[in-house]
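Below is one structure, written out as structure tokens; comments come after it.
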Amino acid sequence: MKVNEENPLGSEKISRLLHDFALPSIIAMLVGALYNIVDQFFIGRSVGMYGNAATNVALPLTTVCTALGLLFGVGGASNFNLKLGAGKREEAAKYIGNAITLLVGSGVVLAVFVLVFLKPLMIAFGATDIVLKYALIFAGINCLGFPFLILGTGGSTLVRADGSPKYSMICMLTGAFINLILNPLFVFVMDWGIAGSASATVIGQVVSGLMVAGYLRKFKTLPLSKNDLLPNWERSRLISALGAASCFNQFAIMVVQITLNNTLTHYGADSIYGSEIPLACSGIITKVNMIYFSIIIGLSQGLQPIVSFNYGAKKYGRVIEAYRLTLLIGTVVSIIAFACFQLFPRQIIGFFGEGSEAYYQFAEEYFRIYLFFTFLDCIQPISSNFFTSIGKATKGIILSLTRQIIFLLPLIVILPLFYGINGVMYAGMTADFAAAVLAAYLGWREVQLMRSWMKADK
């Protein structure tokens, strides 16, 4: 009981907690998206459309890094907060230690794997003959930063769970600032082109990762020992279980990205646009959409420690209040994003370099059709993380898979058979709507269940 009384997660006003935890998380996620946007901007201005297409082809690798970071970061943080809320401090420390070991180990393994199989991976991800040489340079350099990117992504979640969201934000901001400064220097001044942009990104990731590692050595809530870092199968399994929803969502995004790239290349060749225009436009639009989703995911990550602690402490009224407030804020953000995508698609795509009229035409249609249900898109990721945070990993996993795997992936394959390249756009809007409806229903049922528990306790 002493832990519950002393911890502000169980007593502070929900709106204040959500502000304190979500805002740094949002900024950290935006910074992660900024890495891609900065690369896209300078590569588009120096290399052009083929460079933009190359970054799109390499994007699934970055998504894998995010997936692994969230798997062990969110899983470790959720278990930590649940155990802390229940007053089990020593057990909570071991989950943090295991999560750190898993983050570092997975980053090294992934970097080695990508270096060995780089060319076949780029071809499988949709690179055309023209785009391949740029993709090999960009991805080959980028993979050197994967261990630091995964540690920075997942470790920042552990830092937030420890009650230091501002430091987590500073770590990400520092890396992004370095990337922003070095990109024009390497690309234009030193004339390194796409290799310079990739190098700037890696250096920024290394700095962010090392800053997170420095914090984790001196964890604030409770001390960590070397024994806490020793891998334990049962704890690793539980970390993976609660981090699986966030991880699967990213892996699902990766699978869709690869399928989408190949579909756009194939059906683009049979259209007036050709193969490279859809590939380049899709990459830019995906990264622009990441800015919006960074805010939504940041909100859901800010929700995590609040919900986990109060659910563990059986304060269900606070859990419901936090979930509803997060959905309300997410809806407002989604409506603003929807308006931008519908009203200013040409201006947005033009920010990343010039193109032909066909280039702009495809981008406008993609923005307006594929992203039509953006105003509903917050419901699925927030609800998925909500279920994970209260320890209901199965529902979280199901929701994380709905949009990308259950709905979008088959639609991307089926609809273009009837509508050509336009079928890809219809697939996106249909999947968004279906995923939002299912998430809203499951979230409503869970809230009703907690309300029944509250009535029974009175």
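What to note about this one:
- Residue check, residue 251 open to solvent by less than 70 Å² (accessible area, probe 1.4 Å), assigned to a helix (DSSP H, G or I), under 30 Å from residue 386 (Cβ atoms) and of a type in the set (Phe, Trp, Tyr): yes
- Applying the condition of being modelled with pLDDT under 85 and open to solvent by less than 40 Å² (accessible area, probe 1.4 Å) to segment 214-225 and asking which residue is nearest to residue 160 (Cα to Cα) yields 219.
- Close pairs from segment 128-151: first touching a residue at least 60 places away in the same chain (Cβ under 8 Å), partner not in a helix (DSSP H, G or I), Cβ under 6 Å, at least 6 apart: 128/275; 135/127
- Selection within segment 85-105 - within 25 Å of residue 310 (Cβ to Cβ), among the aliphatic types (A, V, I, L, M) and open to solvent by 10 Å² or more (accessible area, probe 1.4 Å): 86
- One residue alone among 75, 51 is modelled with pLDDT of 85 or more, under 17 Å from the mean Cα position of the chain (by Cα) and more than 24 Å from residue 333 (Cα to Cα), and that residue is 75.
- Among the candidates 397, 421, 406, residue that is modelled with pLDDT under 95 and under 24 Å from residue 26 (Cα atoms): 397
- Pairs, first on the phi < 0 side of the Ramachandran plot and in the same structural domain as residue 55 (by the TED database) in segment 100-125, second loosely packed, with under 15 Cβ neighbours inside 10 Å and at pLDDT below 95, C-beta under 6 Å, six or more apart: 101/231
- Elements of type helices (runs of 4 or more DSSP H) contained in segment 351-458, each with 1 or more residues being over 26 Å from residue 317 (Cα atoms) and in the same structural domain as residue 267 (by the TED database): 357-365, 393-401, 409-419, 422-457
- Residues that are more than 19 Å from residue 434 (Cβ to Cβ), crowded, with 24+ Cβ neighbours inside 10 Å and among the hydrophobic types (A, V, I, L, M, F, W, C), drawn from segment 355-385: 362, 363, 367
- Filtered residue count, segment 123-142, keeping only those that are of a type outside the set (Phe, Trp, Tyr) and either surrounded by 24 or more Cβ atoms within 10 Å (Cβ to Cβ) or closer than 14 Å to residue 28 by Cβ (or both): 6
- Top-ranked residue in segment 162-176 [being farther than 14 Å from residue 29 by Cα and not hydroxyl-bearing (Ser, Thr, Tyr); ranked as most open to solvent (accessible area, probe 1.4 Å)]: 163
- Residue count for segment 10-33, restricted to those that are buried (at least 24 other Cβ atoms within 10 Å of the Cβ) and closer than 30 Å to residue 128 by Cβ: 1
- Counted residues, segment 315-336 - those being of a type in the set (Val, Ile, Thr) and closer than 16 Å to residue 455 by Cβ: 2
- Filter pass, residue 178 being among the aliphatic types (A, V, I, L, M) and more than 24 Å from residue 251 (Cα to Cα): yes
- Long-range neighbours under 6 Å by Cβ, at least six apart or interchain, first residue closer than 18 Å to residue 177 by Cβ within segment 11-29, second surrounded by fewer than 18 Cβ atoms within 10 Å (Cβ to Cβ): 24/166
- Looking across 264, 279, one residue alone is at pLDDT 90 or above and open to solvent by less than 10 Å² (accessible area, probe 1.4 Å). It is 264.
- Qualifying residue in segment 205-213 (condition: under 30 Å from residue 391 (Cβ atoms) and surrounded by fewer than 19 Cβ atoms within 10 Å (Cβ to Cβ)): yes
The values are calculated or read from the model by the stated rules, or taken from the named source; none is laboratory data. Since the model is a prediction, treat every value here as computed from it, not as a measurement. Because the Cβ atoms are built from the backbone with ideal geometry, glycine has one as well, and the counts that use them run over all protein chains shown. We work out accessible area using only protein heavy atoms, side chains counted, and drop any ligands, DNA or RNA first. Shrake-Rupley method; radii C 1.70, N 1.55, O 1.52, S 1.80 Å.
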